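These notes are about the structure you will find just below.
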Amino acid sequence: ARSRSYSMKKLLLLLLTSFLSTQGLANIGDVYMCEIVNGALIFKDSPTKEFGDSHIKFKIEENSIRLMFDVDDESKYTTLNIIKDSKPYFNDDPYDFFIASSEQADQGEFLKFHKGNLVYSNLGSSTAPSVYMMSFIANCEIL
C-alpha cells in the first residue's frame, strides 16, 4: 500500500510540474510523435503498473485532436475536442497551448498540450465493468 501511495504522489507531482519546451508552435494539420517518459496504469484491485519508453501520435485538427496509440495504424484513433476557452487569446497562434477532453460522453479522457509537452489521463468508461485510471507525460516533436 505504501508503494502505491508513493507512486501516486510521484505521478501527481509530475502532473503538477510546469512544462518548459523548445518546441515551436503547433498548427492545424500538424502531426506530432510523442515519447511517453512516465506513466501509470491503476486498477481497482491490482498493483499500479508504471510504464514509459513508448510512443503515441496526434494530429491537430481545427477544433479537435486525433490521438493515435498505435503509431503504425492511423486508422485507429480517439478524438478529443479542444476546449475553446483553453486557447490563449493573446497569442497569434492559439494552438501552442490547449486542453482537450473526450468526444464520447461516457469517457473520462483529458489532455493538456503545451509547446511540445503533453499530459494525458483516462479515467475509463463510466459503463465499463472494470475501474481503472491511466495517466502519462510525454515529450512531443512535430513530424
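The values are calculated or read from the model by the stated rules, or taken from the named source; none is laboratory data. Remember, it's a predicted structure, so these values are computed and weren't measured experimentally. Neighbour counts are summed over all protein chains in view; Cβ atoms, including those assigned to glycine, are modelled from backbone coordinates with ideal geometry. Surface accessibility is based on the protein's heavy atoms, side chains included, excluding ligands, DNA and RNA. Shrake-Rupley method; radii C 1.70, N 1.55, O 1.52, S 1.80 Å.
Screening the stretch 104-143 for residues that are part of a strand (DSSP E or B) and more than 21 Å from ILE60 (Cβ to Cβ) and picking the one that is least open to solvent (accessible area, probe 1.4 Å) gives SER135. Tally the residues that are among the polar types (S, T, N, Q) and either surrounded by 16 or more Cβ atoms within 10 Å (Cβ to Cβ) or more than 15 Å from the chain's Cα centre (by Cα) (or both), restricting the search to the stretch 48-63. Residues in the stretch 48-63 being among the polar types (S, T, N, Q) and either surrounded by 16 or more Cβ atoms within 10 Å (Cβ to Cβ) or more than 15 Å from the chain's Cα centre (by Cα) (or both): 2 in total.
The residues of the stretch 51-73 that are hydrophobic (A, V, I, L, M, F, W, C), closer than 17 Å to ILE137 by Cβ and part of a strand (DSSP E or B), listed by number, are PHE51, ILE56, PHE58, ILE65, LEU67. Say we look at the stretch 42-51 and pick out the residues that are in contact (Cβ under 8 Å) with a residue 24 or more places away in the chain and in contact with a strand residue (DSSP E or B) (Cβ under 8 Å, 6 or more places away or on another chain); which of these is farthest from LYS112 (Cα to Cα)? The selected residue is LYS44.
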